[in-house]
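Asker: Here it is: the structure, laid out below.
The values are calculated or read from the model by the stated rules, or taken from the named source; none is laboratory data. As the structure is a computational prediction, the values presented were derived from the model and not from experiment. Heads up, the Cβs are rebuilt from the backbone with ideal geometry, glycines too, and the neighbour counts pull from every protein chain shown. Keep in mind that these areas ignore ligands, DNA and RNA; they rest on the heavy atoms of the full protein, side chains included. Shrake-Rupley method; radii C 1.70, N 1.55, O 1.52, S 1.80 Å.
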Amino acid sequence: MAWMETPRSRRRILIGGAGVLAGAAAATALNPFTAAEAQQTTFTNPVIWQDFADVEIIRVGSDFYMTASTMHYSPGAPVLHSRDLVNWEFIGHSVPRLDFSNWYDLDGGHRYIVGIWASSLTHRASENRFYWLGQIDFHRSFMYTATDPAGPWTRHAEFPRSYYDAGMLVDTDDTMYVAYGNTELYVAQLSADGKTEVRNEHVFSSPPEIGGMEGARFYKINGSYYMFLTKPPNGQYILKSSSPWGPYEIREVLLDMPGPIPGGGIPHQGGLVSTPDGSWYYMGFVDAYPGGRVPALAPITWTADGWPQVQTVNGAWGQTYPFPDLPPHPVPSMIGTDTFTTATLASKWEWNHNPDDTKWSTGSGLRLQTATVTDDLYRARNTLTHRIQGPASTATIELDPAQMADGDRAGLAMLRNDSAWIGLRRENGVTRISMTDGHTMDSGFNTVGKGIERASADLCASTVWLRVTADIRPGAERQAHFSYSEDGSNFIPLGTAHTLGTSPAFFMGPRFAVFNHATQSLGGAVTVKRFSVTT
């Protein structure tokens with residue numbers, strides 16, 4: 001399908017539309033909230049300056065959980081945990097492996113920008129069980145469950161319907177509902193065991209003066225049913241009814257509200273959540289390309305007749321707000337150093353598509369055997385990714401290349417639909433350091449550029465440190481810079497700066513990515529002794 005010049009929805013290649021970044025010029029960067037600030041009486045937006053889009057947030061007792069889109073990354077649908085709505089940590093993933101088709105294994109094709117997005121997370125108190133629901137590839141939906149949100153999660157059901165931008169509700173009588181759709185909104189009732197659909201009705205049409213709405217979240221609050229909807233990229237609306245089947249009234253929650261990130265977009269989508277004492281908050285996301293879409297938090301009040309209102313600061317979504325009336329609960333940083341000494345990867349790591357689990361291991365560093373023979377970075381399996389910390393951060397890996405084979409390529413990339421890397425090329429028995437860009441995809445996410453080497457240097461040591469520094473503040477012409485070291489202290493710039501794309505078409509922001517693939521034959525390997533992200 002051709003790109004549409006006047007988008008109606010942010011899924012432009014799939015249903016004809018996309019959000020645009022509101023504001024291109026960046027101003028003074030915000031500092032990300034850290035555990036050291038937890039005793040302060042205020043918090044700063046974004047609460048997480050990493051790429052977490054289409055968030056849903058729920059509370060179970062005194063614990064908050066959040067999920068987000070991960071598209072083609074595996075495992076999918078991260079689960080984050082917080083006790084205070086401000087400090088968040090990874091605890092797991094709801095979808096352990098994207099086993100929906102061979103293309104998620106990069107076998108015969110790929111699934112860039114589809115997969116896990118705009119899914120839903122809920123908790124069923126009668127079972128003390130968590131449920132995740134998401135549509136896959138626009139023709140099926142899957143449900144996974146767990147008694148512990150950290151996992152293990154198992155597949156519970158498959159539905160022969162695409163619950164587009166689903167939002168689940170467990171009613172006070174334990175009935176499970178799903179709200180979904182774009183422009184035309186629907187409600188489905190599930191069977192008591194949550195495995196089949198027993199009723200489905202159209203409940204609302206977006207008014208022409210508003211345009212398409214999507215991103216449904218479904219709530220029952222004080223006896224009324226609410227469907228929380230976004231008009232991407234600049235509006236948020238809410239529907240209210242005395243029945244899940246309608247009829248529904250509609251109110252505007254926000255439209256063109258200035259956001260909390262200089263140069264960034266308008267907060268939208270996301271969801272509502274209450275604290276144990278009855279205070280309410282809205283966690284939305286802000287288009288902040290090139291970095292992606294990042295979560296922002298604002299307090300909510302309710303009108304006397306039961307409609308939510310965002311509490312603004314001088315008419316805008318606040319850069320700072322009073323800390324929630326909850327005990328601050330610092331958590332381990334989402335960045336730092338990983339030496340891969342455990343038998344499993346930390347939950348912050350996600351692979352580009354499913355990995356070949358026979359070709360990697362941890363315990364004494366991250367050992368990556370070549371898993372694919374290809375000259376295309378986008379078709380190389382076992383590329384391991386880490387979100388970039390904003391507003392700017394640096395990733396450094398310590399790499400042992402002793403077991404590389406001729407034709408192998410290994411290193412540290414900035415991975416998106418326009419990618420670049422610094423790493424090693426081994427040819428004719430000689431390993432050299434290389435900076436390469438020009439890995440590009442077209443609008444259909446087919447590879448059109450397989451990389452151009454911009455600079456190289458001799459490798460004179462048995463270990464090399466590779467570094468990428470990325471500026472992901474909103475705005476055009478943000479760049480990543482590449483350097484290397486042979487002693488871990490003195491870093492030498494190599495190659496050209498890589499300009500980060502701001503087009504929302506890929507949806508996800510760029511990621512740091514560790515890779516090792518063959519161009520001639522399998523058998524080679526590298527060991528990543530250390531990976532660190534610093535700000």
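Asker: Hey, what's the Kirkwood Rh for the stretch 228-386 if you take every pair of different alpha carbons, in angstrom? Don't skip to the end; give the middle numbers.
Answerer: Details: mean 1/r = 0.0513 Å⁻¹.
Computed over Cα pairs of the stretch 228-386, the Kirkwood hydrodynamic radius comes out at 19.5 Å.
Asker: Another question about this same structure. Averaging over all projection directions, find the projected area of the Cα convex hull of the stretch 148-195 and quote it in nm² with one decimal place. Mind showing how you got there, number by number?
Answerer: On the way: hull surface 17.1 nm².
Its average projected convex-hull area is 4.3 nm².
Asker: Let me ask something else. Mind listing which trypsin sites (Lys or Arg not before Pro) in the stretch 100-204 are in a DSSP loop and have 16 or fewer other Cβ atoms within 10 Å?
Answerer: ARG161, LYS195
Asker: Over the Cα atoms of the chain, what Rg and Dmax result, in angstrom?
Answerer: 22.9, 76
Asker: Report the paramagnetic label zone for VAL430: residues of the stretch 403-421 whose backbone N is under 14 Å from a point 7 Å from Cα along the Cα-to-Cβ axis.
Answerer: Zone members listed by number: 407.
Asker: What is the stretch 471-535 by shape, rounded, prolate or oblate, if you read a ≥ b ≥ c off the alpha carbon gyration tensor as root eigenvalues and call it rounded for a/c under 1.5, prolate for a/b larger than b/c, and oblate otherwise? Write down the numbers at each step before the final one.
Answerer: On the way: a/c = 2.11, a/b = 1.36, b/c = 1.56.
It is oblate, given that a/c is not under 1.5 and a/b is not larger than b/c.
Asker: While we're on this one: With every protein chain kept in the model, how would you rank TYR73, TYR248 by accessible area, 1.4 Å probe, largest at the top? Could the numbers behind the result be given before it?
Answerer: Numbers: TYR73 0, TYR248 25 Å².
In descending accessible area the options line up as TYR248, TYR73.
Asker: Would you kindly find the accessible area of TRP245, with a 1.4 Å probe and non-protein molecules such as ligands, DNA and RNA excluded, rounding to the nearest 10 Å²?
Answerer: Roughly 40 Å² of TRP245 is accessible to a 1.4 Å probe.
Asker: Further, regarding this structure: Mind checking the dipole of the chain: about its Cα centre, +1 per Lys or Arg Cβ, -1 per Asp or Glu Cβ, Debye to the nearest 20? If you can, show how the numbers build up before the last one.
Answerer: Numbers: 40 positive and 52 negative charges, 77 e Å.
Here the chain has a charge dipole of around 360 debye.
Asker: Additional query: Bin width 5 Å, alpha-carbon pairs only: give the P(r) of the stretch 305-390 as whole percents, running from 0 to the bin holding the largest distance.
Answerer: 3, 10, 14, 15, 12, 10, 7, 8, 9, 8, 4, 1, 0
Asker: Determine how many Å³ per residue the convex hull of the Cα atoms of the stretch 167-281 encloses.
Answerer: On the way: hull volume 13.8 nm³, N = 115.
Once divided by residue count, the hull of the stretch 167-281 is 120 Å³.
Asker: Any number yet on Rg/Rh for the stretch 458-508, C-alpha, Kirkwood? Mind showing how you got there, number by number?
Answerer: Working: Rg = 14.3 Å, Rh = 12.7 Å.
Radius of gyration relative to Kirkwood radius: 1.12.
Asker: Determine the relative contact order of the stretch 361-428: mean sequence separation of Cα pairs under 8 Å and six or more apart, normalised by residue count, in whole percent. Write out the running numbers ahead of the final one.
Answerer: Details: 45 pairs, mean separation 13.4, N = 68.
That works out to 20 percent.
Asker: So, one more: With r as the distance between the Cβ atoms of THR499 and ASN446 and R0 = 25 Å, compute the FRET efficiency 1/(1 + (r/R0)^6) and round to 0.05.
Answerer: Values: r = 21 Å, r/R0 = 0.86.
Taking R0 as 25 Å, the efficiency between ASN446 and THR499 is 0.70.
Asker: Under a plain spin-label model, where a point goes 7 Å from the Cα along Cα-to-Cβ, how far apart in nm are VAL373 and ASP400?
Answerer: 2.7 nm
Asker: Give a quick list of GluC sites (Glu not before Pro) in the stretch 147-246 that DSSP marks as loop, anything other than H, G, I, E or B, with at most 16 other Cβ atoms within 10 Å.
Answerer: Working: sites: GLU158, GLU184, GLU197, GLU201, GLU209, GLU214; in loops: GLU209.
Counting only loop positions with at most 16 other Cβ atoms within 10 Å, the GluC sites (Glu not before Pro) in the stretch 147-246 are GLU209.
Asker: Of the options PRO262, SER141, THR339, report the single residue whose Cα projects farthest towards the positive end of the charge dipole of the chain (beta-carbon charges: Lys, Arg +1; Asp, Glu -1).
Answerer: Among PRO262, SER141, THR339, the one farthest towards the positive end of the dipole of the chain is THR339.
Asker: The stretch 113-203: which chymotrypsin sites (Phe, Trp or Tyr not before Pro) are DSSP loop and have at most 12 other beta-carbon atoms within 10 angstrom?
Answerer: Values: sites: TRP117, PHE130, TYR131, TRP132, PHE138, PHE142, TYR144, TRP153, TYR163, TYR164, TYR177, TYR180, TYR186; in loops: TRP117, PHE138, TRP153, TYR163, TYR164.
Here the chymotrypsin sites (Phe, Trp or Tyr not before Pro) that fit, given the DSSP loop and packing criteria, are PHE138.
Asker: Measure off 7 Å from each Cα along the Cα-to-Cβ vector at ALA457 and GLN520, then give the distance between these two points in nanometres to one decimal.
Answerer: For the pair ALA457/GLN520, the computed spacing is 2.5 nm.
Asker: Cα convex hull of the stretch 237-309: how many Å³ per residue?
Answerer: On the way: hull volume 8.4 nm³, N = 73.
In the stretch 237-309, the Cα convex hull volume per residue is 115 Å³.
Asker: Per the Kirkwood treatment, what hydrodynamic radius in Å, one decimal, follows for the stretch 67-202 from the mean inverse distance over all distinct Cα pairs? Intermediate results must be reported in sequence, preceding the final value.
Answerer: Details: mean 1/r = 0.0651 Å⁻¹.
About 15.4 Å, per the Kirkwood formula over Cα pairs.
Asker: When only Cα pairs under 8 Å and 6 or more residues apart are kept, what is the percent relative contact order across the chain?
Answerer: 15 percent
Asker: Pairwise over distinct Cα atoms, reciprocal of the mean inverse distance: report the Kirkwood radius of the stretch 157-226 in Å, one decimal place.
Answerer: On the way: mean 1/r = 0.0790 Å⁻¹.
It works out to 12.7 Å.
Asker: I want to check the label-to-label distance for THR534 and THR339. Put each point 7 Å from Cα in the C-beta direction and report it in nm to one decimal.
Answerer: The two pseudo-label positions are separated by 1.6 nm.
Asker: Compute the Cα gyration tensor for the stretch 412-502, then decide on rounded, prolate or oblate, letting a ≥ b ≥ c be the square roots of its eigenvalues: rounded whenever a/c is under 1.5, prolate when a/b is larger than b/c in the other cases, and oblate in all that remain. List each step's numbers first, then the result.
Answerer: Details: a/c = 2.94, a/b = 1.45, b/c = 2.03.
Cα axes put the stretch 412-502 in the oblate bin.
Asker: Let me ask something additional. Positive end of the charge dipole of the stretch 428-472 (Lys, Arg +1 and Asp, Glu -1 on Cβ, about the Cα centre): tell me which of GLY451, ILE472, MET441 has its Cα farthest that way.
Answerer: GLY451
Asker: Something else: Which of the lysines could a cross-linker span from LYS195 if the Cα-Cα distance has to be under 25 Å and same-chain partners fewer than 8 positions apart are dropped?
Answerer: Once the sequence-local lysines are set aside, what remains near LYS195 is LYS220.
Asker: From the protein chains alone at 1.4 Å, what is the descending order of accessible area for ARG426, ARG83, ARG530, largest first? Provide the component values of the computation, followed by the final result.
Answerer: On the way: ARG426 60, ARG83 85, ARG530 105 Å².
I get ARG530, ARG83, ARG426, largest accessible area first.
Asker: Quick one: Debye curve from the alpha-carbon atoms of the stretch 85-143 only, equal weights, vacuum; give me log10 I(q)/I(0) at q = 0.16 Å⁻¹ to two decimals.
Answerer: Taken in order of the listed q values, log10 I(q)/I(0) reads -0.65.
Asker: Now for a different question. Using the scaling law 2.2 N^0.38 Å as the reference, what is the normalised Cα Rg of the stretch 216-273? All intermediate terms of the calculation are to be shown ahead of the outcome.
Answerer: Values: Rg = 12.8 Å, N = 58, 2.2 N^0.38 = 10.3 Å.
Its radius of gyration relative to the 2.2 N^0.38 Å reference: 1.24.
Asker: Please report the relative contact order for the stretch 441-503, taking Cα pairs under 8 Å with a sequence separation of at least 6, and give it as a percent rounded to a whole number. Let's see the in-between values first.
Answerer: On the way: 84 pairs, mean separation 17.7, N = 63.
Here the relative contact order equals 28 percent.
Asker: Provide the descending list of Cα extents for the stretch 350-427 along its principal axes, expressed in whole angstroms.
Answerer: 37, 29, 24
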